[in-house]
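Inspection log for the structure reproduced underneath, given as structure tokens.
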Amino acid sequence: MKTQVVIIGGGPSGLLLAQLLHVQGISSVVLERKTKEYVLGRIRAGVLERGLLDLMREAGVSKRMDAEGFVHNGTLIAYDNKTFRIDFAQLTGNSVMVYGQTEVTRDLYAAREAAGGNIEFEVEDVEIHDVKSDAPFVTFQVGGENRRIECDFVAGCDGFHGVSRQSIPQEKRQEFEKTYPFGWLGILSETPPLDHELIYANSPRGFALCSMRNANLSRYYIQCPLSDKPEDWSDDAFWLELKRRIPAEQAAKLVTGPSIEKSIAPLRSFVCEPMQWGRLFLCGDAAHIVPPTGAKGLNTAASDVQYLYSALRQYYHENDTAGIDGYSEKALVRVWKAERFSWWFSSLLHSFPEQSEFDQKMQLSELEFLRTNESAQKAMAENYVGLPY
Ligand code: RFL
Ligand code: PHB
């Protein structure tokens, strides 16, 4: 079998790339290790930047997102029993949209299926071959059968634990990593959101985030020790702890109910350089991870997809290799800015086990500066709504 681009991973990066290439008449095959139901069962990102919205529109998959997504013109930050607002619209002229990654992925699967797109699920033993030549190929197993696809390019969209990054020889790649000494315990509940905007809270008991998916579906997170397991936390214990971490006025308004999902995610900052090796290109979590505090993971995956998609379009339609030659360098500039913002915002809002009283004063002083200084708010808002591609 032969195609132009083999895309490893059927998460949001891989599907968005496949759909954008399809619109440009470029063929692809997507190889996904899990089932579609499994991919759609993962509760992840909730906040989309303008760049991702525009890409969804360009890919022709924005109808439901534009109808059902919620535009957010600002966010709330709470600390020391006070709350202040960062007004994205006023400070940047821009906004973000709350529309779950699950819905983005569902819409992309629907579009790929409607277009007769080739997606192989439950593939095993994916191996990437000869990407330093003009004739790469990918081998894998599906349903016990060995398969081989020849292609022009391979897009590694297979997340942090995928095979693509490992296919770059170890001596040719450099990995930069920071782990954080805590995780996020998240729950989804069929209750109305606490506020119409997100609330990020710094408290002496640890970080909390009040987010949402729609008018009757809320998403809440609290910082927890990495040794905790979701089953250690009853719903009652979760709600009690959340209430202790947000200002009293908001805690009094919180509507609680049974959780319909509960999970713990570790926090990590990670970048792999370079993001390309011959005809293999890494996109999204395969190349970089951010802690979720700045809502940058999916959005940074989207900017990689935009750079790679433009590069491939330039290659196929204009016979110009400048885009593919410069992909890694271009993508990494924006990746590192998202890494910086996510690291900064995480450092500002969490409690660190080794934090001294001086460190705590520095955190509160930085929050106070952000609350009262318009330049600081503008810098935060520009990063949150998304830096230009
Ligand atoms: P994904 O979503 O991990 O998809 C990769 C896909 O590849 C498949 N795969 C393989 N397929 C074939 N062969 C192999 N060998 C394979 N190995 C893996 C996997 O099964 C999977 O389907 O990566 P992608 O597409 O790059 O997308 C990245 C995003 O999922 C991620 O960055 C975000 O979810 C991060 N994130 C957030 N990002 C935001 O922009 N805004 C947010 O509000 C936000 N909140 C979050 C988040 C991530 C979270 N967790 C759980 C880590 C909140 C949380 C709690
Ligand atoms: C979410 O709703 O899942 C969410 C929102 C904002 C973040 C992280 C996660 O920063």
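The values are calculated or read from the model by the stated rules, or taken from the named source; none is laboratory data. Bear in mind that the values here come from a model prediction, so they are computed numbers and not experimental data. Neighbour counts run over all protein chains shown; Cβ positions are idealised from the backbone, glycine included. Keep in mind that these areas ignore ligands, DNA and RNA; they rest on the heavy atoms of the full protein, side chains included. Shrake-Rupley method; radii C 1.70, N 1.55, O 1.52, S 1.80 Å.
Worth a mention:
Here is a yes/no grid of residues against (1) assigned to a strand (DSSP E or B); (2) open to solvent by 30 Å² or more (accessible area, probe 1.4 Å); (3) at pLDDT below 95:
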{"site": "162", "(1), (2), (3)": "no, no, no"}
{"site": "184", "(1), (2), (3)": "yes, no, no"}
{"site": "188", "(1), (2), (3)": "yes, no, no"}
{"site": "194", "(1), (2), (3)": "no, no, no"}
{"site": "227", "(1), (2), (3)": "no, yes, no"}
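- Residue within segment 30-53 that is within 16 Å of ligand 2 (Cβ to nearest atom), acidic (Asp, Glu) and in contact with a helix residue (DSSP H, G or I) (Cβ under 7 Å, 6 or more places away or on another chain) present: yes
- Among the residues making up segment 257-294, those that are among the basic types (Lys, Arg) and either modelled with pLDDT under 95 or over 16 Å from the mean Cα position of the chain (by Cα) (or both) are 262, 279.
- Of all residues making up segment 247-272, the number that are outside any loop (DSSP other than H, G, I, E, B) and over 30 Å from residue 174 (Cα atoms): 11
- Inter-residue pairs, beta-carbon under 7 Å, first within 13 Å of ligand 1 (Cβ to nearest atom) and in segment 257-275, second basic (Lys, Arg) and in a strand (DSSP E or B), 6+ apart: 269/178
- Only listed residue being at pLDDT 95 or above, acidic (Asp, Glu) and part of a strand (DSSP E or B), chosen from 103, 113, 127: 127
- Qualifying residue in segment 304-319 (condition: within 16 Å of ligand 2 (Cβ to nearest atom), in contact (Cβ under 8 Å) with a residue 60 or more places away in the chain and within 30 Å of residue 182 (Cβ to Cβ)): no
- Yes/no for residue 237 being within 15 Å of ligand 2 (Cβ to nearest atom) and out of contact with any His (no Cβ under 8 Å at 6 or more places or on another chain): no
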